[in-house]
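Okay, structure first, notes after.
The values are calculated or read from the model by the stated rules, or taken from the named source; none is laboratory data. Note that the structure is a prediction, hence the values are computed from the model and not measured. Note that each Cβ is placed from the backbone with ideal geometry, even for glycine, and that neighbours are counted across all protein chains shown.
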Amino acid sequence: MKKIVKILGISILTVFIALGLAGYVEYRNALNEMPLDEKIELIQSQPDYVEIEDISQYLLDATVSVEDQRFYSHFGIDPIAYGRIAYTLLTTGQLSGGGSTITQQLSKNLYFTFEPSLIRKVAEIFMTFNIEYHYEKDEILELYVNVINYGDNCFGIKEASEHYFGIEPSELNFDQATLLAGIPQSPANYQLSNNEANARERQKMVIATIKDNEIYSEEELEALLEQYGLE
(Lines give C-alpha, C1' and ligand atoms only; values in the text may rest on other atoms or scores of the structure.)
Protein backbone atom coordinates (compact mmCIF):
# COMPACT_ATOMS: atom_id res chain seq x y z
CA MET A 1 0.00 0.00 0.00
CA LYS A 2 2.80 2.41 0.93
CA LYS A 3 4.49 1.65 -2.39
CA ILE A 4 1.30 2.47 -4.30
CA VAL A 5 0.89 5.75 -2.42
CA LYS A 6 4.53 6.63 -3.12
CA ILE A 7 4.16 5.88 -6.82
CA LEU A 8 0.95 7.91 -6.96
CA GLY A 9 2.63 10.82 -5.20
CA ILE A 10 5.59 10.75 -7.58
CA SER A 11 3.23 10.60 -10.55
CA ILE A 12 1.25 13.62 -9.35
CA LEU A 13 4.45 15.56 -8.66
CA THR A 14 5.75 14.71 -12.12
CA VAL A 15 2.55 15.98 -13.72
CA PHE A 16 2.74 19.25 -11.77
CA ILE A 17 6.39 19.77 -12.72
CA ALA A 18 5.68 19.05 -16.39
CA LEU A 19 2.68 21.38 -16.32
CA GLY A 20 4.73 24.12 -14.67
CA LEU A 21 7.54 23.81 -17.20
CA ALA A 22 5.14 23.82 -20.15
CA GLY A 23 3.35 26.85 -18.75
CA TYR A 24 6.62 28.68 -18.21
CA VAL A 25 7.69 27.96 -21.80
CA GLU A 26 4.39 29.38 -23.10
CA TYR A 27 4.84 32.43 -20.86
CA ARG A 28 8.39 33.01 -22.16
CA ASN A 29 7.27 32.55 -25.76
CA ALA A 30 4.59 35.21 -25.24
CA LEU A 31 7.19 37.65 -23.89
CA ASN A 32 9.57 36.85 -26.73
CA GLU A 33 6.88 37.91 -29.19
CA MET A 34 6.47 41.20 -27.35
CA PRO A 35 7.99 42.15 -23.97
CA LEU A 36 5.59 43.31 -21.29
CA ASP A 37 6.77 46.92 -21.21
CA GLU A 38 6.34 47.24 -24.97
CA LYS A 39 2.87 45.68 -24.79
CA ILE A 40 1.83 48.16 -22.09
CA GLU A 41 3.30 51.13 -23.96
CA LEU A 42 1.41 50.08 -27.10
CA ILE A 43 -1.88 50.00 -25.21
CA GLN A 44 -1.24 53.32 -23.49
CA SER A 45 -0.46 54.96 -26.84
CA GLN A 46 -3.92 54.19 -28.24
CA PRO A 47 -6.15 57.26 -28.79
CA ASP A 48 -8.95 55.82 -26.64
CA TYR A 49 -6.71 55.11 -23.64
CA VAL A 50 -7.91 56.86 -20.47
CA GLU A 51 -5.81 57.47 -17.37
CA ILE A 52 -7.28 56.49 -14.02
CA GLU A 53 -7.84 60.06 -12.82
CA ASP A 54 -10.15 60.56 -15.81
CA ILE A 55 -12.35 57.57 -14.98
CA SER A 56 -15.39 57.74 -12.71
CA GLN A 57 -14.61 56.55 -9.20
CA TYR A 58 -17.99 54.82 -9.24
CA LEU A 59 -16.80 52.64 -12.14
CA LEU A 60 -13.49 51.83 -10.45
CA ASP A 61 -15.18 50.98 -7.16
CA ALA A 62 -17.83 48.81 -8.82
CA THR A 63 -15.25 46.99 -10.94
CA VAL A 64 -13.04 46.06 -7.99
CA SER A 65 -16.04 45.13 -5.86
CA VAL A 66 -17.60 42.72 -8.35
CA GLU A 67 -14.48 41.35 -10.06
CA ASP A 68 -11.83 41.17 -7.34
CA GLN A 69 -12.71 42.50 -3.89
CA ARG A 70 -9.24 41.73 -2.48
CA PHE A 71 -7.47 43.33 -5.45
CA TYR A 72 -5.50 45.81 -3.34
CA SER A 73 -4.33 43.23 -0.82
CA HIS A 74 -3.35 40.13 -2.82
CA PHE A 75 -0.22 39.54 -4.92
CA GLY A 76 -1.98 38.83 -8.21
CA ILE A 77 -3.45 35.47 -7.18
CA ASP A 78 -6.24 35.33 -4.61
CA PRO A 79 -5.58 32.35 -2.28
CA ILE A 80 -8.97 32.76 -0.59
CA ALA A 81 -10.81 32.48 -3.91
CA TYR A 82 -8.80 29.44 -4.95
CA GLY A 83 -9.35 27.88 -1.53
CA ARG A 84 -13.09 28.31 -1.97
CA ILE A 85 -12.94 26.69 -5.41
CA ALA A 86 -10.89 23.78 -4.04
CA TYR A 87 -13.34 23.30 -1.17
CA THR A 88 -16.29 23.25 -3.57
CA LEU A 89 -14.50 20.76 -5.79
CA LEU A 90 -13.74 18.44 -2.87
CA THR A 91 -17.20 18.64 -1.30
CA THR A 92 -19.40 18.67 -4.39
CA GLY A 93 -17.18 17.34 -7.16
CA GLN A 94 -17.97 20.45 -9.20
CA LEU A 95 -15.45 23.00 -10.42
CA SER A 96 -16.74 26.54 -9.90
CA GLY A 97 -15.38 29.64 -11.60
CA GLY A 98 -14.69 33.08 -10.23
CA GLY A 99 -11.08 32.58 -9.15
CA SER A 100 -9.40 34.91 -11.64
CA THR A 101 -8.22 38.24 -10.28
CA ILE A 102 -8.21 41.50 -12.20
CA THR A 103 -4.49 41.02 -12.87
CA GLN A 104 -5.06 37.51 -14.19
CA GLN A 105 -7.81 38.77 -16.47
CA LEU A 106 -5.47 41.51 -17.69
CA SER A 107 -2.77 38.88 -18.39
CA LYS A 108 -5.24 36.85 -20.42
CA ASN A 109 -6.42 39.87 -22.41
CA LEU A 110 -2.87 41.01 -23.13
CA TYR A 111 -1.29 37.73 -24.18
CA PHE A 112 -3.41 34.59 -24.15
CA THR A 113 -6.46 33.03 -25.73
CA PHE A 114 -9.68 32.30 -23.90
CA GLU A 115 -9.60 28.60 -24.78
CA PRO A 116 -9.57 26.45 -21.60
CA SER A 117 -6.09 25.02 -21.06
CA LEU A 118 -4.16 24.10 -17.94
CA ILE A 119 -0.88 25.04 -19.61
CA ARG A 120 -2.25 28.42 -20.61
CA LYS A 121 -3.53 28.92 -17.07
CA VAL A 122 -0.05 28.32 -15.68
CA ALA A 123 1.45 30.70 -18.27
CA GLU A 124 -1.15 33.26 -17.25
CA ILE A 125 -0.09 32.96 -13.61
CA PHE A 126 3.56 33.57 -14.51
CA MET A 127 2.49 36.65 -16.48
CA THR A 128 0.34 37.80 -13.58
CA PHE A 129 3.30 37.75 -11.21
CA ASN A 130 5.35 39.66 -13.79
CA ILE A 131 2.69 42.38 -14.06
CA GLU A 132 2.27 42.66 -10.30
CA TYR A 133 6.04 42.97 -9.84
CA HIS A 134 6.47 45.78 -12.34
CA TYR A 135 3.27 47.80 -12.00
CA GLU A 136 1.34 49.45 -9.18
CA LYS A 137 -2.22 48.37 -8.40
CA ASP A 138 -3.79 51.53 -9.80
CA GLU A 139 -1.80 51.10 -13.01
CA ILE A 140 -3.09 47.53 -13.32
CA LEU A 141 -6.69 48.61 -12.72
CA GLU A 142 -6.28 51.43 -15.23
CA LEU A 143 -4.98 49.01 -17.85
CA TYR A 144 -7.75 46.53 -17.12
CA VAL A 145 -10.64 48.93 -17.70
CA ASN A 146 -8.94 50.13 -20.88
CA VAL A 147 -8.76 46.70 -22.52
CA ILE A 148 -11.72 44.73 -21.18
CA ASN A 149 -14.71 43.86 -23.37
CA TYR A 150 -17.88 45.78 -22.50
CA GLY A 151 -20.01 44.18 -25.19
CA ASP A 152 -21.32 45.54 -28.49
CA ASN A 153 -17.75 45.59 -29.81
CA CYS A 154 -16.71 48.12 -27.17
CA PHE A 155 -13.23 47.46 -25.82
CA GLY A 156 -12.18 49.77 -23.04
CA ILE A 157 -14.14 52.14 -20.87
CA LYS A 158 -13.92 55.11 -23.24
CA GLU A 159 -15.55 53.25 -26.11
CA ALA A 160 -18.20 51.86 -23.76
CA SER A 161 -19.01 55.21 -22.14
CA GLU A 162 -19.29 57.00 -25.47
CA HIS A 163 -21.18 54.21 -27.23
CA TYR A 164 -23.76 53.51 -24.54
CA PHE A 165 -24.21 56.93 -22.95
CA GLY A 166 -22.49 59.51 -25.18
CA ILE A 167 -20.28 60.74 -22.34
CA GLU A 168 -16.67 60.59 -21.16
CA PRO A 169 -15.61 57.93 -18.60
CA SER A 170 -15.18 60.63 -15.96
CA GLU A 171 -18.87 61.52 -16.28
CA LEU A 172 -20.31 58.08 -15.51
CA ASN A 173 -22.77 58.26 -12.65
CA PHE A 174 -23.49 55.49 -10.14
CA ASP A 175 -26.25 53.92 -12.24
CA GLN A 176 -24.22 53.90 -15.46
CA ALA A 177 -21.04 52.74 -13.72
CA THR A 178 -22.61 49.80 -11.92
CA LEU A 179 -24.37 48.79 -15.13
CA LEU A 180 -21.12 48.79 -17.13
CA ALA A 181 -19.11 47.06 -14.39
CA GLY A 182 -21.31 43.98 -14.69
CA ILE A 183 -20.91 43.48 -18.44
CA PRO A 184 -17.33 42.07 -18.71
CA GLN A 185 -18.27 38.83 -16.94
CA SER A 186 -20.20 37.81 -20.07
CA PRO A 187 -20.31 40.60 -22.69
CA ALA A 188 -22.53 38.76 -25.16
CA ASN A 189 -25.14 38.10 -22.47
CA TYR A 190 -25.08 41.55 -20.88
CA GLN A 191 -24.41 43.98 -23.75
CA LEU A 192 -27.00 46.72 -23.70
CA SER A 193 -28.03 46.63 -27.35
CA ASN A 194 -30.05 43.43 -26.95
CA ASN A 195 -29.66 42.26 -23.35
CA GLU A 196 -30.33 45.29 -21.18
CA ALA A 197 -32.78 43.33 -19.01
CA ASN A 198 -30.04 40.80 -18.23
CA ALA A 199 -27.59 43.63 -17.64
CA ARG A 200 -29.98 45.21 -15.13
CA GLU A 201 -30.21 41.92 -13.24
CA ARG A 202 -26.44 41.69 -13.26
CA GLN A 203 -26.30 45.29 -12.01
CA LYS A 204 -28.21 44.22 -8.90
CA MET A 205 -25.43 41.72 -8.17
CA VAL A 206 -22.81 44.43 -8.65
CA ILE A 207 -24.62 46.67 -6.17
CA ALA A 208 -24.96 43.78 -3.74
CA THR A 209 -21.19 43.29 -3.75
CA ILE A 210 -20.70 47.02 -3.17
CA LYS A 211 -22.96 46.77 -0.15
CA ASP A 212 -21.30 43.58 1.15
CA ASN A 213 -17.82 45.01 0.70
CA GLU A 214 -18.85 48.26 2.43
CA ILE A 215 -17.46 50.45 -0.34
CA TYR A 216 -19.72 53.26 0.84
CA SER A 217 -21.49 53.92 4.10
CA GLU A 218 -25.08 52.70 4.41
CA GLU A 219 -26.30 56.29 4.19
CA GLU A 220 -24.27 57.04 1.06
CA LEU A 221 -25.39 53.87 -0.70
CA GLU A 222 -29.05 54.36 0.21
CA ALA A 223 -28.89 57.91 -1.14
CA LEU A 224 -27.38 56.71 -4.43
CA LEU A 225 -29.95 53.94 -4.83
CA GLU A 226 -32.78 56.38 -4.17
CA GLN A 227 -31.33 59.00 -6.49
CA TYR A 228 -31.29 56.62 -9.46
CA GLY A 229 -34.33 54.53 -8.56
CA LEU A 230 -32.31 51.36 -8.04
CA GLU A 231 -33.19 48.49 -5.73
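Exactly one residue out of 210, 215 is in contact (Cβ under 8 Å) with a residue 40 or more places away in the chain, closer than 26 Å to residue 53 by Cβ and not in a helix (DSSP H, G or I), and it is 215. Does the range 48-65 contain at least one residue that is out of contact with any Ser or Thr (no Cβ under 6 Å at 6 or more places or on another chain), exposed (fewer than 13 other Cβ atoms within 10 Å of the Cβ), at pLDDT 95 or above and polar (S, T, N, Q)? No, the range 48-65 contains no residue that is out of contact with any Ser or Thr (no Cβ under 6 Å at 6 or more places or on another chain), exposed (fewer than 13 other Cβ atoms within 10 Å of the Cβ), at pLDDT 95 or above and polar (S, T, N, Q). For the residues 165, 155, the requirement of being aromatic (Phe, Trp, Tyr), without any contact (Cβ under 8 Å) to a residue 12 or more places away in the chain, closer than 27 Å to residue 107 by Cα and surrounded by 15 or more Cβ atoms within 10 Å (Cβ to Cβ) singles out 155. Can residue 172 be described as touching a residue at least 24 places away in the same chain (Cβ under 8 Å), buried (at least 17 other Cβ atoms within 10 Å of the Cβ) and under 13 Å from residue 61 (Cα atoms)? It is true that residue 172 is touching a residue at least 24 places away in the same chain (Cβ under 8 Å), buried (at least 17 other Cβ atoms within 10 Å of the Cβ) and under 13 Å from residue 61 (Cα atoms). Within this structure, residue 121 passes the test of being modelled with pLDDT under 95 and surrounded by fewer than 20 Cβ atoms within 10 Å (Cβ to Cβ). Of the candidates 150, 190, 133, the single residue that is surrounded by fewer than 17 Cβ atoms within 10 Å (Cβ to Cβ) and either farther than 30 Å from residue 20 by Cα or among the hydroxyl-bearing types (Ser, Thr, Tyr) (or both) is 133. Can you tell me how many residues in the range 202-231 are exposed (fewer than 12 other Cβ atoms within 10 Å of the Cβ) and either of a type in the set (S, T, N, Q) or farther than 17 Å from residue 57 by Cβ (or both)? Here the count works out to 8. Within the span defined as the range 86-95, every residue fails to be at pLDDT 95 or above and aliphatic (A, V, I, L, M). In this structure, residue 177 does satisfy being within 20 Å of the chain's Cα centre (by Cα), buried (at least 16 other Cβ atoms within 10 Å of the Cβ), under 28 Å from residue 220 (Cβ atoms) and in contact (Cβ under 8 Å) with a residue 40 or more places away in the chain.
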